[in-house]
Amino acid sequence: MQLRRFFWTGLFLVALPYNVEAQQRPQQGATPDLRDVPVATRTYAITNARIVVAPGQEIPRGTVVLRNGLIEAVGPDVSVPTDAWVLEGDSLVVYAGFIDGLSHVGVPAPRRKENQEPARRRVENPGSPPPELAGLTPDRDVRTLLKADDPAIAKLRRIGFTMAHVVPRGRMLPGQGALIFLRGQTPEEMVYQGQVSLFAQLEPAQGVYPATDMAVLARFRQLYREATRRHQHATLYAANPQGLQPPAYDPVHAAFFPVLEGRLPVFFYVEEVLDIHRVLALHRQLNFPLRLAGLSGSFDALEQLKASNIPLFLTLDLPEAPRDTIRATQKLSDDSLAARHNTYLHVSSYQDVSAEIENLKARQAKERIKYYETAARMHAAGLRFGFSTRDADPDKILNNLRTMIKYGLPQEAALAALTIDAARLLGIDKAAGTIEAGKLANLVVTTGPLFEEKTRIRYVFVAGERFEIKEPARPSRRDEGEPMPARAEGTWSCTVDSPEGSIDTTLRITGQSGTLSSSAIPRELFLENLRLEADQLSFSVTTDTYGRVDARLTLRGDTAEGTIDVPGVGVLPIHCTRTSGPER
Amino acid sequence: MLRANLLACCLLLGLTCTVYAQQKGDLFIRNGTVLTVTNGTLPNTDILIRNGKIAAIGQHLEVPDGIEVIDATGLYVMPGIIDAHSHIAISNVNEATNPVTAEVSVGDVLNPYDIRIYRALAGGVTVSHVMHGSANVIGGQNETIKHRYGETDPDALRMEGAPRTIKFALGENPIRVHGRGHNVTPLSRMGVEFIIRDAFQKAQRYMEAWERYEQERKRNPRAVPPPYNERLEVLADILRGNILIHCHSYRADEILMLLRVLKDFGIRRVVFQHANEAFKVAPELAAFGAMVSVFADWWAYKFEVYYSTAYNAAILTRNGVITSINSDSPELNRHLYHEAAKAIKYGGLTEDEALALITINPARQLGIEDRVGSIEVGKDADLAIFSAHPLSIYAVCKKTIVDGIVRFDADRDPDDMRLRVDPERPVELAIRWGDHQHHQRCLEGVDLIAFLTQTLQSVQP
């Protein structure tokens, strides 16, 4: 037995520098389960690298030693331990691992149940629904909802994120957040710290109270003030129960007790500027420990944010030009588009539509630039902020950061927001956020300066665990020159990510026509305006509930991804896989 | 003046320029025909505005140095129009899930970006009473706003110091939404009365419980407070007279019903909204001291609104009831001066009486008559300047002034006056399916599909 284990370890060691996949957690089935086997080494040394210890603080040529998940030493003259796996970092740059201020990474959206809709309709009195239907589950702990196999974890990690503040999905009060590592085989391995936040958002319930933002705000006031009273009662009773009725227990109010004691902050996700004003007003009324995330559009509330002096986590999502603009302007930059805007335009006739449309597109480009500049303006206003990946596509995050920098955000401020400022605002700056001895071994190793377009991330270390980042596989060129034209025919099994969870949808396309059926709508709908241009498939359907729904998909072989625009709900991502056809 | 210019520039540029609440301007309006409403019509008169207030009214006033002058020669200056019933500039209208939702407030969801504020300004409207919808017997609290279009902080819209008001609704709407929609009381007009009495009784018990607690606390520091209830807090404030009721109603019988209920609970102030049959009970309304806000000539959009007359406003006025004409619509609010003129045609009101329907009377109904509603020294400089007498069908609103700041100017009115645009939505889709349907109306937020299948009847305010 001993011998055998030794053999495996030896093999492992030999294989290490060459075969990274082998070092990573082995896949079940394909290779033997090695979890019983001790890891070869948990000591790493990155030598002769440029080390960005903290924003603005660099070691031009130094070594970082990681041992047992922590940074053991960092500096220009650090000696490499004999048991270390060595990464020669001569051309590499080392940064502290990024920290996501708020997201649902590791908490996949629940699949929508077929019979959820009728259940909602059966509520006896929509004015006082059960807490779960009202979106009131503040007692739920996100640690019980984590899934180690959520593909979103690897997606965020490959762009440098090592830790995240994650919160449950839901409506008004979905539950309590936790700080997690973006690694681990089990939810338990992922958790760094639990019960770090009470998550809230202006997200009304559907068809039951609170069905509007104004009722969500009123409900929050009611819960908070009644929780204050219950807390007072509980405190009196704890001090001396004699002559007092025992306090009633309910999980919804009890979840506010740590907030009232100042031990737990409320993290509010605010999607747009009106939400910011509304939550800040609520904060002024109740004065609870508050953190804000999202903050898209905060360029219109900078003074108010500054006055409120609360930790902020700006979304890493940025608006994109609509397709019609991209097509019509041949990818003209937003700057040149915005320069065409005429604020004084007054068309002479309602028939002069094209002049007005062109001007509206230019106005819209101007508006997009405000979003690009938001981070810079927050920085200039002296606001301390981290970032939130919740609404951002991981594949676009690094590019969006470059856009923020192009529009005025200093690079050091961008790095600080990704690392030390996020750590500070989350209260973990003693443990993370910089490359200092004694801190968690969260590192990002790149081929050059982080925000340069040609820079690639080579390795990410999460609590001392090493992940090699490979370039995403390029779509393989076909041998016979011209790529096969995309074909839409066949049956596609699709998933729509809606605010309610995933909705299963099936597309059946034959020739020039097709149908759509979905768990969300009662009958099969015909596809209208079905069109395929190169690999771009577009169609619309007319639904009873939402009116005209437009869909656009990009086909890649037997998969397709895109969006559907549901009026009143929003633009929702859709992913499809072809399950049958086309005839080859 | 500089600040006023700056703001005008910002408006013109379509920029979201951050200007803060209580922004006040200085202006000099020269040589206009001034319709004071409370003090007759003054020809060739100047108005001096200092720090957002009317500082002087008279002929040949001295023009202070450096002040912006508007030449109103040949033009008519009237008090800014006040719309006593509106649903603009808010993100939600109805919390239609419960017959009583006194705890919600549309003031929590003001939307200063709403282009309808600017459109209202283009009709000379400077103040709107922004109301919760009529889905519930006791709906949410309303908000009185000033049309300070260009501000982006929702607080900047609030008319500071305006009394609190709340929406009640009688008749078919709450019965349809809750009774037929969810099989929840009220299923009849009797049920509507029950809901109100029940709510007030609960509020009385709630007040008693807290009073007992306050008494006991003096003797016993370990006293435990009774449960806190946001809804009953608001209802208790109605009983204390701190919140003014504005009640959606149509029929004479239900109007009398509410008067009886209010009398039983010692509530003295009420404004009936719509009240198409109010003319039948005008003496009773006058005796109670109730006020009424009506449409000029809009009816027959559902069963309870058939017995109506265009003489409603005039009959009420002649009976001594303080009466206003409202819009309840982001379209009608742009020509309320036409609506007021109809009361001259139907009922023979004087010009001042007709103008009062859209100025000083709605101000009284909102409890803001000491601030706005007429052109008097010391009042807020909320004014509308028209090309002709505003009761003439040929009148066009040229400029609208709020707190001494020109917020609408017909001569500087480019196509795109929005304060913000969606950065991602295709511009061709700016007008979308459903955007104009049941939007910003009394029944917004109600599940109309479920609702229409039950009634197969069109739904209006």
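One line per residue, one yes/no per condition, for (1) among the charged types (D, E, K, R); (2) at pLDDT 85 or above; (3) outside any loop (DSSP other than H, G, I, E, B):
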site	(1), (2), (3)
A:Arg474	yes, no, no
A:Trp492	no, yes, yes
A:Ile521	no, no, no
A:Asp565	yes, no, yes
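Residues that are of a type in the set (D, E, K, R) and over 13 Å from the mean Cα position of the chain (by Cα), at least 3 per element: which helices (runs of 4 or more DSSP H) completely within region B:332-377 meet that? If you could, list the steps in order and put the result at the bottom.
Numbers: elements: B:336-345, B:351-356, B:360-366.
Result: B:336-345, B:351-356.
Kindly indicate the residue of region A:76-106 that is charged (D, E, K, R) and in a loop (DSSP other than H, G, I, E, B) and also surrounded by the most Cβ atoms within 10 Å (Cβ to Cβ) among those meeting that condition. If you could, list the steps in order and put the result at the bottom.
We begin by selecting, within region A:76-106, every residue charged (D, E, K, R); these are A:77, A:83, A:88, A:90, A:100.
Then drop every residue that is not in a loop (DSSP other than H, G, I, E, B), which leaves A:77, A:83, A:90.
Details: A:Asp77: 7, A:Asp83: 12, A:Asp90: 10.
Restricting to residues being charged (D, E, K, R) and in a loop (DSSP other than H, G, I, E, B), the top hit is A:Asp83.
Within 21 Å of the chain's Cα centre (by Cα), surrounded by 14 or more Cβ atoms within 10 Å (Cβ to Cβ) and facing chain B (nearest Cβ under 10 Å): is that true of A:Leu318 in this structure?
Yes, satisfied.
Looking for something assigned to a helix (DSSP H, G or I) and either in contact (Cβ under 8 Å) with a residue 60 or more places away in the chain or away from chain B (no Cβ under 11 Å) (or both) - is there at least one such residue anywhere in region A:238-250? Let's see the steps before the verdict.
If we filter region A:238-250 for residues that are assigned to a helix (DSSP H, G or I), which is where we start, we get A:238-239.
Those still in the list that are either in contact (Cβ under 8 Å) with a residue 60 or more places away in the chain or away from chain B (no Cβ under 11 Å) (or both) too: A:238.
Checked against the condition, which is being assigned to a helix (DSSP H, G or I) and either in contact (Cβ under 8 Å) with a residue 60 or more places away in the chain or away from chain B (no Cβ under 11 Å) (or both), region A:238-250 yields at least one hit.
Give me the residue from region A:544-584 that is among the polar types (S, T, N, Q) and in contact with a Ser or Thr (Cβ under 9 Å, 6 or more places away or on another chain) and, out of that set, farthest from the other protein chains (Cβ to nearest Cβ).
Applying the first criterion (among the polar types (S, T, N, Q)) to region A:544-584 yields A:545, A:554, A:559, A:563, A:577, A:579-580.
Filter once more, so that each one left must be in contact with a Ser or Thr (Cβ under 9 Å, 6 or more places away or on another chain): A:559, A:577, A:579-580.
Details: A:Thr559: 24, A:Thr577: 27, A:Thr579: 31, A:Ser580: 33 Å.
Selected residue: A:Ser580.
Quick one: what pairs do we get from region B:379-395, first residue over 22 Å from B:Leu349 (Cα atoms), second of a type in the set (Ser, Thr, Tyr) and crowded, with 19+ Cβ neighbours inside 10 Å, C-beta under 9 Å, 6+ apart or different chains?
Correct list of pairs: B:Asp380/B:Thr126; B:Asp382/B:Thr126; B:Asp382/B:Thr400; B:Leu383/B:Thr126; B:Leu383/B:Thr400; B:Ile385/B:Tyr76; B:Ile385/B:Thr400; B:Ser387/B:Tyr76.
Can you name the condition, by its number, that A:Gly511 falls short on among (1) closer than 25 Å to A:Asp324 by Cβ; (2) out of contact with any Asp or Glu (no Cβ under 6 Å at 6 or more places or on another chain)?
The one condition A:Gly511 does not meet is (1).
Which condition number does B:Arg217 fail, the rest of (1) within 14 Å of chain A (Cβ to nearest Cβ); (2) buried (at least 20 other Cβ atoms within 10 Å of the Cβ) being met?
With respect to (1) within 14 Å of chain A (Cβ to nearest Cβ); (2) buried (at least 20 other Cβ atoms within 10 Å of the Cβ), B:Arg217 is out only on (2).
Counting only residues that are within 18 Å of B:Ser134 (Cα to Cα) and touching a Lys or Arg at 6+ places or on another chain (Cβ under 9 Å), which one in region B:254-270 is surrounded by the most Cβ atoms within 10 Å (Cβ to Cβ)?
Within region B:254-270, the match that is surrounded by the most Cβ atoms within 10 Å (Cβ to Cβ) is B:Ile255.
Residues in region A:390-433 that are surrounded by fewer than 19 Cβ atoms within 10 Å (Cβ to Cβ) and either over 30 Å from A:Gly562 (Cβ atoms) or outside the structural domain of A:Ala380 (by TED's automatic domain parsing) (or both): how many?
Matching residues across region A:390-433 total 9.
Here is a check on your reading of the model: is A:Tyr209 at pLDDT below 95, part of a loop (DSSP other than H, G, I, E, B) and either more than 8 Å from every other protein chain (Cβ to nearest Cβ) or over 19 Å from the mean Cα position of the chain (by Cα) (or both)? Walk me through it before giving the result.
Details: at pLDDT below 95: no; part of a loop (DSSP other than H, G, I, E, B): yes; either more than 8 Å from every other protein chain (Cβ to nearest Cβ) or over 19 Å from the mean Cα position of the chain (by Cα) (or both): yes.
No; evaluated as a whole, the condition is false for this residue.
Run down A:Lys430, A:Lys406 and say which single residue is free of Cβ contacts under 8 Å to residues at least 12 places away in the same chain and more than 14 Å from chain B (Cβ to nearest Cβ).
Numbers: A:Lys406 fails: free of Cβ contacts under 8 Å to residues at least 12 places away in the same chain.
Answer to the selection: A:Lys430.
For A:Ala355, are the conditions met, namely being assigned by TED's automatic domain parsing to the domain that holds A:Ala423 and out of contact with any Cys (no Cβ under 9 Å at 6 or more places or on another chain)?
Numbers: assigned by TED's automatic domain parsing to the domain that holds A:Ala423: yes; out of contact with any Cys (no Cβ under 9 Å at 6 or more places or on another chain): yes.
Yes, satisfied.
Suppose the filter is among the charged types (D, E, K, R), at pLDDT below 95 and in a loop (DSSP other than H, G, I, E, B); does B:Arg180 pass it? Explain how you work it out, then say what you get.
On the way: among the charged types (D, E, K, R): yes; at pLDDT below 95: yes; in a loop (DSSP other than H, G, I, E, B): no.
For B:Arg180, the condition - among the charged types (D, E, K, R), at pLDDT below 95 and in a loop (DSSP other than H, G, I, E, B) - is not met.
Tell me, yes or no, whether region B:86-109 has at least one residue that is among the aliphatic types (A, V, I, L, M), assigned to a helix (DSSP H, G or I), within 14 Å of chain A (Cβ to nearest Cβ) and crowded, with 24+ Cβ neighbours inside 10 Å. Walk me through how you get there before you give the answer.
As a first pass, look at region B:86-109 and keep what is among the aliphatic types (A, V, I, L, M): B:88-90, B:93, B:96, B:100, B:102, B:104, B:106, B:109.
If we keep only those that are assigned to a helix (DSSP H, G or I) as well, we get B:106, B:109.
Those left that are additionally within 14 Å of chain A (Cβ to nearest Cβ): B:106, B:109.
If we keep only those that are crowded, with 24+ Cβ neighbours inside 10 Å too, we end up with B:106, B:109.
Yes, that holds for at least one residue.
Tell me which residues, restricted to region B:229-253, are under 16 Å from B:Arg189 (Cα atoms) and either surrounded by fewer than 24 Cβ atoms within 10 Å (Cβ to Cβ) or among the small types (Gly, Ala, Ser) (or both).
Of everything in region B:229-253, those that are under 16 Å from B:Arg189 (Cα atoms) and either surrounded by fewer than 24 Cβ atoms within 10 Å (Cβ to Cβ) or among the small types (Gly, Ala, Ser) (or both) turn out to be B:Ser249, B:Arg251, B:Ala252, B:Asp253.
Select from region A:379-425 the residues that are among the charged types (D, E, K, R) and part of a loop (DSSP other than H, G, I, E, B) and write down the one among them that is farthest from A:Lys155 (Cα to Cα). Before you say what the answer is, go through the steps one by one.
First, the residues of region A:379-425 that are among the charged types (D, E, K, R): A:384, A:390-391, A:393, A:395-396, A:402, A:406, A:412, A:421, A:424.
Checking which are part of a loop (DSSP other than H, G, I, E, B) leaves us with A:384, A:390-391, A:393.
Numbers: A:Arg384: 26, A:Arg390: 13, A:Asp391: 14, A:Asp393: 9 Å.
The extreme case among them is A:Arg384.
Taking the stated definitions as given, is A:Gln27 closer than 19 Å to A:Arg466 by Cα, surrounded by fewer than 11 Cβ atoms within 10 Å (Cβ to Cβ) and at pLDDT below 50?
So A:Gln27 passes the test.
Where in region B:35-77 are there strands (runs of 3 or more DSSP E), lying fully within it, with 2 or more residues that are in contact with an Asp or Glu (Cβ under 7 Å, 6 or more places away or on another chain)? Please lay out each step first, then the result.
On the way: elements: B:41-50, B:53-58, B:69-71.
The qualifying strands (runs of 3 or more DSSP E) are B:41-50, B:53-58.
Going through region B:160-170 one residue at a time, which ones are crowded, with 24+ Cβ neighbours inside 10 Å and assigned to a loop (DSSP other than H, G, I, E, B)?
Residue satisfying the conditions is B:Leu170 alone.
Which is farther than 26 Å from B:Asn94 by Cβ and touching a residue at least 60 places away in the same chain (Cβ under 8 Å), of B:Asp253, B:Asp264?
On the way: B:Asp253 fails: farther than 26 Å from B:Asn94 by Cβ.
Exactly one of B:Asp253, B:Asp264 is farther than 26 Å from B:Asn94 by Cβ and touching a residue at least 60 places away in the same chain (Cβ under 8 Å), namely B:Asp264.
Among the residues of region B:178-189, how many are buried (at least 18 other Cβ atoms within 10 Å of the Cβ) and either in contact with a strand residue (DSSP E or B) (Cβ under 9 Å, 6 or more places away or on another chain) or of a type in the set (Ser, Thr, Tyr) (or both)?
Restricting attention to region B:178-189, the residues satisfying the condition of being buried (at least 18 other Cβ atoms within 10 Å of the Cβ) are B:178-179, B:181-182, B:184-186, B:189.
Among the residues that remain, those that are also either in contact with a strand residue (DSSP E or B) (Cβ under 9 Å, 6 or more places away or on another chain) or of a type in the set (Ser, Thr, Tyr) (or both) are: B:185.
So the count comes out to 1.
Applying the selection to region B:401-418, what residues are assigned to a loop (DSSP other than H, G, I, E, B) and either facing chain A (nearest Cβ under 9 Å) or in contact with a helix residue (DSSP H, G or I) (Cβ under 6 Å, 6 or more places away or on another chain) (or both)? Working first, answer last.
Filtering region B:401-418 down to residues assigned to a loop (DSSP other than H, G, I, E, B) leaves B:403-404, B:410-418.
Those that are assigned to a loop (DSSP other than H, G, I, E, B) and either facing chain A (nearest Cβ under 9 Å) or in contact with a helix residue (DSSP H, G or I) (Cβ under 6 Å, 6 or more places away or on another chain) (or both): B:Arg412, B:Asp413, B:Pro414, B:Asp415, B:Asp416, B:Met417, B:Arg418.
Is it fair to say A:Arg229 is surrounded by fewer than 16 Cβ atoms within 10 Å (Cβ to Cβ) and within 11 Å of chain B (Cβ to nearest Cβ)? Lay out the reasoning, then the answer.
On the way: surrounded by fewer than 16 Cβ atoms within 10 Å (Cβ to Cβ): no; within 11 Å of chain B (Cβ to nearest Cβ): yes.
Against the criterion (surrounded by fewer than 16 Cβ atoms within 10 Å (Cβ to Cβ) and within 11 Å of chain B (Cβ to nearest Cβ)), A:Arg229 does not qualify.
Among A:Leu223, A:Leu156, which is the only one that is away from chain B (no Cβ under 13 Å) and either within 22 Å of A:Ser498 (Cβ to Cβ) or in a helix (DSSP H, G or I) (or both)?
On the way: A:Leu223 fails: away from chain B (no Cβ under 13 Å).
Step by step, each of A:Leu223, A:Leu156 is checked, and only A:Leu156 is away from chain B (no Cβ under 13 Å) and either within 22 Å of A:Ser498 (Cβ to Cβ) or in a helix (DSSP H, G or I) (or both).
Kindly provide the set of residues from region B:57-75 that are under 17 Å from B:Ala384 (Cα atoms) and either buried (at least 22 other Cβ atoms within 10 Å of the Cβ) or out of contact with any helix residue (DSSP H, G or I) (no Cβ under 9 Å at 6 or more places or on another chain) (or both), ordered by number.
Filtering region B:57-75 down to residues under 17 Å from B:Ala384 (Cα atoms) leaves B:57, B:68-75.
Scanning region B:57-75 gives B:Ile57, B:Val69, B:Ile70, B:Asp71, B:Ala72, B:Thr73, B:Gly74, B:Leu75.
The values are calculated or read from the model by the stated rules, or taken from the named source; none is laboratory data. Everything quoted here is computed from the prediction, not taken from an experiment. Please note: Cβ atoms are built from the backbone with ideal geometry, for glycine as well, and neighbour counts cover all protein chains shown.
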